[in-house]
Amino acid sequence: MREVPRDPNANLYGVSLASLQENPQLCTFALGASGHRLSSVPDRPVQQGCGITNAIEVSGTSVNFNREFTATCPLAAAYAIFEADVLQPAAQRHFGEAVVDVEHWGTYACRNRNNRMAGPRSEHATGNAIDIAGVTLASGRKIKVEAGWRGRSDERAFLREVHLGACSIFQGVIGPDHDRAHHDHFHLDMGKWRFCR
């Protein structure tokens, strides 16, 4: 596990990520001003560790997604910062082109960590995590975490930069080197524990 300090400059249109986490109304306002395609989602009271509050449904940002996702506003804000400050610059640096599509495997799901039968709830159980499996570049080239993590040198370098950059924005990040359950995607969350694996 690496200690990666949070980027103190991480912000969404001049509002710090810490402020967005603490203030639901400010978070919704800042995301709404971002131009991202989103809509509010009714709260689902937390029962038995599952539920969601202060959530939005995101259908698109500067990229398209394989499907819409529902997430807490702080997670959606962290993702927006990650996309602008980490993902797109890394794609330009390594491939000379932009990311146009992001493949995610979901956000809100009432389940335990790693889909185990018993144990603590995942951050997904409160819509506070997203799993990213790959991206598509403007040229149509697809970069998958599963194949690229140990694949071509440019893909390896890109994915490692994205992983490390995510660690400076999200609270919790798990990548393919951590365990078998994450061999094919990045887990990104805004839970209370800070870790980079």
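Before moving on, here are some points about what is shown:
- Selection of the stretch 140-176 for residues being within 16 Å of Leu188 (Cβ to Cβ), small (Gly, Ala, Ser) and in contact (Cβ under 8 Å) with a residue 60 or more places away in the chain yields Gly165, Ala166, Ser168.
- Residue within the stretch 75-96 that is modelled with pLDDT of 95 or more, within 21 Å of Leu38 (Cα to Cα), assigned to a strand (DSSP E or B) and not aromatic (Phe, Trp, Tyr) present: no
- Scanning the stretch 73-114 for residues that are among the aromatic types (Phe, Trp, Tyr) and closer than 15 Å to Asp131 by Cβ turns up Tyr79, Phe82, Trp105, Tyr108.
- The stretch 116-130, subset surrounded by fewer than 21 Cβ atoms within 10 Å (Cβ to Cβ) and touching a Gly at 6+ places or on another chain (Cβ under 9 Å), residue modelled with the lowest pLDDT: Pro120
- Among the residues of the stretch 115-155, the one identified as closer than 30 Å to Pro45 by Cα, in a helix (DSSP H, G or I) and acidic (Asp, Glu) is Glu123.
To keep it simple, each residue is scored yes or no on (1) under 24 Å from Phe29 (Cβ atoms); (2) touching a residue at least 24 places away in the same chain (Cβ under 8 Å); (3) of a type outside the set (A, V, I, L, M, F, W, C); (4) in contact with a helix residue (DSSP H, G or I) (Cβ under 9 Å, 6 or more places away or on another chain).
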| site | (1), (2), (3), (4) |
| --- | --- |
| Ala71 | yes, yes, no, yes |
| Ala76 | yes, yes, no, yes |
| Ala84 | yes, no, no, no |
| Pro89 | no, no, yes, yes |
| Thr107 | yes, yes, yes, yes |
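- All positions within the stretch 156-188 that are aromatic (Phe, Trp, Tyr) and assigned to a loop (DSSP other than H, G, I, E, B): Phe170
- Scanning the stretch 40-58 for residues that are of a type in the set (S, T, N, Q) and farther than 22 Å from Leu17 by Cβ turns up Gln47, Gln48.
- Residues within the stretch 17-31 that are at pLDDT 75 or above, surrounded by fewer than 19 Cβ atoms within 10 Å (Cβ to Cβ) and either small (Gly, Ala, Ser) or under 16 Å from Tyr79 (Cβ atoms) (or both), tallied: 1
- Qualifying positions in the stretch 70-101 - under 19 Å from His124 (Cβ atoms) and surrounded by fewer than 21 Cβ atoms within 10 Å (Cβ to Cβ): Thr70
The values are calculated or read from the model by the stated rules, or taken from the named source; none is laboratory data. Source: prediction; values computed, not measured. Don't worry about glycine lacking a Cβ; one is built from the backbone with ideal geometry, like all the others, and counts go over all protein chains shown.
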